[in-house]
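The values are calculated or read from the model by the stated rules, or taken from the named source; none is laboratory data. Worth saying up front: this structure is predicted, and the values here are computed from it rather than measured. Here the Cβ positions follow ideal geometry from the backbone for every residue, glycine too, while neighbour counts run over all protein chains shown.
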Amino acid sequence: MISVTGAGKRFGPRILFEGLDWLITPNERVGIVGGNGTGKSTLLKILGGMEGLDYGQIVRARGVTIGYLPQEGLQLSGRTVFAECLSVFDNLRAMEREMEDLAHRMGDIDPTSADYLLVADRFHRLQNLFSHHDGYSLEAKVGTVLAGLQFPKDDWYRATDEFSGGWQMRIALAKLLLEQPNLLLLDEPTNHLDLEARNWLEGYLNDYPYAYILISHDRYFLDVTTRRIIEIWNKKVHFYTGNYERYLKEKAERIAQITAAYNNQQAKIQQLEAFISRFRAQATKAKQVQSRIKEIERMEKAEPPPPEEKTIHFSFPQPKTSGRIVAEFKGVSKSYGAKQVFSGATFTIERGDKIALVGHNGAGKSTLIKILAGVEPVTTGEYTLGHNVVFEYFAQDQYKELDPNESLLDDISANARNRTQTELRSLLGCFLFSEDDVYKKMGVLSGGERNRYALARLLLRPANFLLLDEPTNHLDMRAKDILLEALQEYTGTLVFVSHDRYFLDRLATRVYEVGNGEIRIFPGNYEDYLWRISGQPLGTAEPSAAGPPVPTLADVPGLAPPPSSKQRLNPIKLQKMKERQKEVEEEIASRESDVAEHERELANFRSVEETQRRAAEVEEHRARIEQLMAEWEELTASIEAQQ
C-alpha cells in the first residue's frame, strides 16, 4: 500500500531518523516505540501525509484510504454524537435518499415505458451497491461502536460541544473505526479510554479487516494488538517480528550479538595493530606487516553497540508499619442527592493489600478513593482508619495543589531534604523533566505535566497507606516501569485506580469492582478478575461483608484453567505458564532419575526393610510423575492454543 525508501527526517539541526526502508502491506499490525522526542508521532504524520520527508521518498498506492487519530486537539461541534458518527456514511445516506426518490418515481411512471426501465435499472444498481456496503445496518454499526467506547445511550443524542477533550477524542476515534480506512494511524488511542473501552478496542482491532499502525505507552495493549514492532532509536529505525514482549527479547538478543561481534573484531584489530607496531621497523617482517595492514583495511567494520539506555531504579522510603487493620467500612453508603453510588459496603483493608478499583466510568471508583482519603464524607455507615495509619492521596487533578510560582527543582528539594540534587534530577528525568525543564515554574506547565510532577514528588513521601487515582496517566513506559517497580517493593498498603492492564496485572493482589450500587471483592489480579466474571456466576465474588475467601488462581498448582478459544491469554499469565511448564519438566526428569537409581539399588538385595522402603519410594515417585505429566499436558495444550 505504501512504500518508503531511504527516508529521513530532521527536527531543526537534529536528525530524528534516517535510512528508513519500509513496505507497508495490507495486513500490517504495527506498533511504533521509542523514547520521547525520537520521532514516533512525526513518522505517523509522514505516513498520513500531514508532514513531508527531508530525505528519501514515500509512494502511496492509488485508491488507498488513510485515517489518522492525533493524540489530542480535535474539536467537534454542530451535531449530536450519533449524528456526527453517522456522518461518516453520508455517501451511503445520499444513495439511500436517491433510492427513495427513484422508488417514488417508479410509482408515478408507466411500467411499460422506457423511462420506467431506466429508473428501475438505476434503482436496482443502487440497491445492490447499498446492500453490498451494509447500508441497511448503519445505525446498528454506529450504536455498536459507541457502546464499545463506553458512551451511555443517553449521551448519543447530546451535542458534541458538551463533551470534554477526552470524550471528543473518543468521538473522533469512533468515526475512524466506522470509516474503516485501508490504513489506520493511531497516536496513543488509549489515552482517553477507560479499561472497558480499551478491552473493547483490543477486540475490534484484532478483527479489523485492514492495516493499522499505532503508538502506545500501554504495553499490554501493544502485546495483544501488534504483530510487528518498529523502534526508533539512535537515529535508526529497527524492525522486530512479534508483539512487544517478543520485541524486548529480540532487542536484548540483537544488542548482545552486536556487542559480541564488535568486541571480537576490536580484539582482532588490536592484535593486528600490536604486530604492526612491534615489527614495523624490521625489514624481514615488512611483508607480514603490510599483509596485516591490508587485512585491517579490508575488514568490513562491525556495527558498534548502541549507547546504553539509562536504567534508573527508584524505591520508596519504606514507611513505618501500621496496624494489621488499615481501613474498615461498616455498612457504608454514598449518595449525591437522589443518586446512590453504592450502599451497604462492609469490608476490611489489611496491611500489605494492593487493591485495584475497577468499574465503568461514573461507577464510583474515584468517589470510593476520595472517601478513603477523607475528601468525601460517607452518607451512612462507619469508616475508620487503623492504628498508626498515615495516608497520602494522589488525585486525578493533583496539579491544582501545586504552587504555580515554584520551580520543579526547588519544590521537590524542599520535600526531599535527604536526597541529593543528582538523585532528584534523575527522578525528574524519569518523569520526562530533563535539563532546563527542572527550572520551569509549575504555572507554565500543562495539567498533564503538573500531574506527572506531583506523582514524582509523592514517591518521596514515607506514608504507609497510598491512595492513587489514575497514577499512570501522562506517563510513558519508562516512567510506568519505574513507578510499578517502586510500588511492587513498597511494604505499605495501596489502593489505586488505573486503566493500564499491565500495571493492574502486575500490581494488584485484590480487585474491588464498583458498580450497580455495590462493591464486589475479588482475590487476585485483574486477569483473575476477568476470568471469574467471564466464566463464573456472579456469586463467585466475595461479598463486601466478611465471608469465606475465594481461592485465587495463584493458589492452583497448574495456574489458571485454560481460557476458552475466544479469550486471548494475558501475556503475563502466559509467561507464568511457560515458566511452570519448565519447572514441571525439570521435576519429571529429576524424579525419573530417582526412580532409575532406586531400581538399580533394588537389584542388590540388602534387607527386607530396605527393599520395602525403596519400593515405596519408587511408587511415590511414579504417582507424582503421573500427576506432573497430567499437569504438563494441560499446560502444553493451553500454551499451544495461544500460538
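Please report, ordered by residue number, the strands (runs of 3 or more DSSP E) entirely within the stretch 122-238 with at least 3 residues that are surrounded by fewer than 21 Cβ atoms within 10 Å (Cβ to Cβ). If you could, list the steps in order and put the result at the bottom.
Working: elements: 183-187, 211-215, 228-233.
Those strands (runs of 3 or more DSSP E) span 228-233.
State yes or no: is Pro319 crowded, with 16+ Cβ neighbours inside 10 Å and outside the structural domain of Val514 (by TED's automatic domain parsing)? Reasoning before the result, please.
Numbers: crowded, with 16+ Cβ neighbours inside 10 Å: yes; outside the structural domain of Val514 (by TED's automatic domain parsing): yes.
So Pro319 passes the test.
Can you find even one residue in the stretch 3-25 that is in a loop (DSSP other than H, G, I, E, B), surrounded by fewer than 18 Cβ atoms within 10 Å (Cβ to Cβ) and within 28 Å of the chain's Cα centre (by Cα)? Talk me through it step by step, then tell me what you get.
Let us first name the residues in the stretch 3-25 that are in a loop (DSSP other than H, G, I, E, B), namely 12-13, 25.
Imposing the further condition that a residue be surrounded by fewer than 18 Cβ atoms within 10 Å (Cβ to Cβ) reduces the set to 12-13, 25.
If we keep only those that are within 28 Å of the chain's Cα centre (by Cα) as well, we get 25.
Yes: the stretch 3-25 contains one or more residues that are in a loop (DSSP other than H, G, I, E, B), surrounded by fewer than 18 Cβ atoms within 10 Å (Cβ to Cβ) and within 28 Å of the chain's Cα centre (by Cα).
Of the residues Ala373, Ala356, Ala414, only one is more than 32 Å from the chain's Cα centre (by Cα) and closer than 22 Å to Ala486 by Cβ; which?
Values: Ala373 fails: more than 32 Å from the chain's Cα centre (by Cα); Ala356 fails: more than 32 Å from the chain's Cα centre (by Cα).
Ala414 is the lone residue from the list that is more than 32 Å from the chain's Cα centre (by Cα) and closer than 22 Å to Ala486 by Cβ.
Going by the structure shown, is Gln71 outside any helix (DSSP H, G or I) and within 16 Å of Arg10 (Cα to Cα)?
Numbers: outside any helix (DSSP H, G or I): yes; within 16 Å of Arg10 (Cα to Cα): no.
When the stated conditions are applied, Gln71 does not pass them.
Tell me, yes or no, whether the stretch 260-275 has at least one residue that is within 30 Å of Asp223 (Cα to Cα), touching a residue at least 40 places away in the same chain (Cβ under 8 Å) and within 52 Å of the chain's Cα centre (by Cα). Before the answer, list the steps.
Narrowing the stretch 260-275 to residues within 30 Å of Asp223 (Cα to Cα): 260.
Now restrict to residues that are touching a residue at least 40 places away in the same chain (Cβ under 8 Å): none.
No; the residues of the stretch 260-275 include none that is within 30 Å of Asp223 (Cα to Cα), touching a residue at least 40 places away in the same chain (Cβ under 8 Å) and within 52 Å of the chain's Cα centre (by Cα).
Is it true that some residue in the stretch 284-301 is buried (at least 19 other Cβ atoms within 10 Å of the Cβ), touching a residue at least 12 places away in the same chain (Cβ under 8 Å) and not in a helix (DSSP H, G or I)?
no
Taking interchain pairs and intrachain pairs at least six residues apart, which have beta carbon atoms under 6 angstrom, with the first residue in the stretch 606-633 and touching a residue at least 12 places away in the same chain (Cβ under 8 Å) and the second surrounded by 13 or more Cβ atoms within 10 Å (Cβ to Cβ) and not in a helix (DSSP H, G or I)?
Cβ pairs passing all conditions: Glu631/Gly558.
Out of Ala486, Ala463, Ala454, report the one residue that is part of a helix (DSSP H, G or I), within 25 Å of Val390 (Cβ to Cβ) and in contact with an Asp or Glu (Cβ under 8 Å, 6 or more places away or on another chain). Before the answer, list the steps.
Details: Ala486 fails: in contact with an Asp or Glu (Cβ under 8 Å, 6 or more places away or on another chain); Ala463 fails: part of a helix (DSSP H, G or I).
Every option except Ala454 fails the conditions.
For the stretch 401-449, which residues satisfy the criterion of being closer than 19 Å to Ala479 by Cα, aliphatic (A, V, I, L, M) and either in contact with a strand residue (DSSP E or B) (Cβ under 6 Å, 6 or more places away or on another chain) or assigned to a helix (DSSP H, G or I) (or both)?
Scanning the stretch 401-449 gives Leu408, Leu409, Ile412, Leu424, Leu427, Leu428, Val438.
Output the number of the condition that Ser77 fails; it satisfies all remaining conditions of (1) in contact with an Asp or Glu (Cβ under 6 Å, 6 or more places away or on another chain); (2) not hydrophobic (A, V, I, L, M, F, W, C); (3) not in a loop (DSSP other than H, G, I, E, B).
(3)
Taking interchain pairs and intrachain pairs at least six residues apart, which have beta carbon atoms under 8 angstrom, with the first residue in the stretch 507-525 and in contact (Cβ under 8 Å) with a residue 60 or more places away in the chain and the second of a type in the set (Asp, Glu)?
Thr509/Asp353; Arg510/Asp353; Val511/Asp528; Ile519/Glu513; Ile521/Glu513; Ile521/Glu542; Asn525/Asp505
Can you list residue pairs whose Cβ atoms sit under 6 Å apart, with the first residue in the stretch 182-210 being on the phi > 0 side of the Ramachandran plot and the second being surrounded by fewer than 19 Cβ atoms within 10 Å (Cβ to Cβ)? Count only pairs 6 or more apart in sequence or on different chains.
Hits for this filter: Glu188/Gln71.
Give me the residue from the stretch 88-100 that is in contact (Cβ under 8 Å) with a residue 40 or more places away in the chain and not charged (D, E, K, R) and, out of that set, farthest from Leu126 (Cα to Cα).
In the first step, residues of the stretch 88-100 are kept if they are in contact (Cβ under 8 Å) with a residue 40 or more places away in the chain; the result is 88-89, 92-93, 95.
Those left that are additionally not charged (D, E, K, R): 88-89, 92, 95.
Values: Val88: 19, Phe89: 15, Leu92: 10, Met95: 7 Å.
Per the criteria, the residue is Val88.
Mind listing whichever residues of the stretch 489-509 are in a loop (DSSP other than H, G, I, E, B), buried (at least 19 other Cβ atoms within 10 Å of the Cβ) and polar (S, T, N, Q)? Steps first, please.
Within the stretch 489-509, the subset in a loop (DSSP other than H, G, I, E, B) is 490-492, 498-500, 508-509.
This time we only want the ones that are buried (at least 19 other Cβ atoms within 10 Å of the Cβ), so: 490, 492, 498-500, 508.
Listed by number, the list holds a single entry, Ser498.
If we scan the stretch 329-346, do we find a residue that is in contact (Cβ under 8 Å) with a residue 24 or more places away in the chain, basic (Lys, Arg), in a strand (DSSP E or B) and closer than 30 Å to Ala147 by Cβ? Walk me through how you get there before you give the answer.
Step one: list which residues in the stretch 329-346 are in contact (Cβ under 8 Å) with a residue 24 or more places away in the chain, which gives 329-335, 340-346.
Cutting the leftovers down to basic (Lys, Arg) gives us 330, 334.
Filter once more, keeping what is in a strand (DSSP E or B): 330, 334.
Going one step further and asking which of them are closer than 30 Å to Ala147 by Cβ, we end up with 334.
Yes, there is a match, as at least one residue in the stretch 329-346 is in contact (Cβ under 8 Å) with a residue 24 or more places away in the chain, basic (Lys, Arg), in a strand (DSSP E or B) and closer than 30 Å to Ala147 by Cβ.
Restricting the stretch 446-488 to residues that are touching a Cys at 6+ places or on another chain (Cβ under 7 Å) and at pLDDT below 80, which is surrounded by the fewest Cβ atoms within 10 Å (Cβ to Cβ)? It would help to see each step written out before you state the result.
Filtering the stretch 446-488 for residues touching a Cys at 6+ places or on another chain (Cβ under 7 Å) gives 478-479, 482.
Now restrict to residues that are at pLDDT below 80: 478-479.
On the way: Arg478: 19, Ala479: 22.
The selected residue is Arg478.
Only residues that are in contact with a Phe, Trp or Tyr (Cβ under 6 Å, 6 or more places away or on another chain) and at positive phi: list them for the stretch 211-256, please.
Residue satisfying the conditions is Lys235 alone.
Between a first residue in the stretch 47-58 that is more than 12 Å from Asp21 (Cβ to Cβ) and a second residue that is polar (S, T, N, Q) and buried (at least 16 other Cβ atoms within 10 Å of the Cβ), which pairs have beta carbons less than 9 Å apart while being 6 or more apart in sequence or on different chains?
Glu51/Thr42
Yes/no matrix, rows are residues, columns are (1) farther than 20 Å from Gly165 by Cα; (2) modelled with pLDDT under 90:
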{"site": "Glu72", "(1), (2)": "no, yes"}
{"site": "Phe82", "(1), (2)": "no, no"}
{"site": "His104", "(1), (2)": "yes, yes"}
{"site": "Gly135", "(1), (2)": "yes, yes"}
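Pick from Ala83, Ala103: which is in a helix (DSSP H, G or I) and free of Cβ contacts under 8 Å to residues at least 12 places away in the same chain? So that I can check it myself, show each step before the final result.
Numbers: Ala103 fails: free of Cβ contacts under 8 Å to residues at least 12 places away in the same chain.
Just a single option satisfies the conditions, and that option is Ala83.
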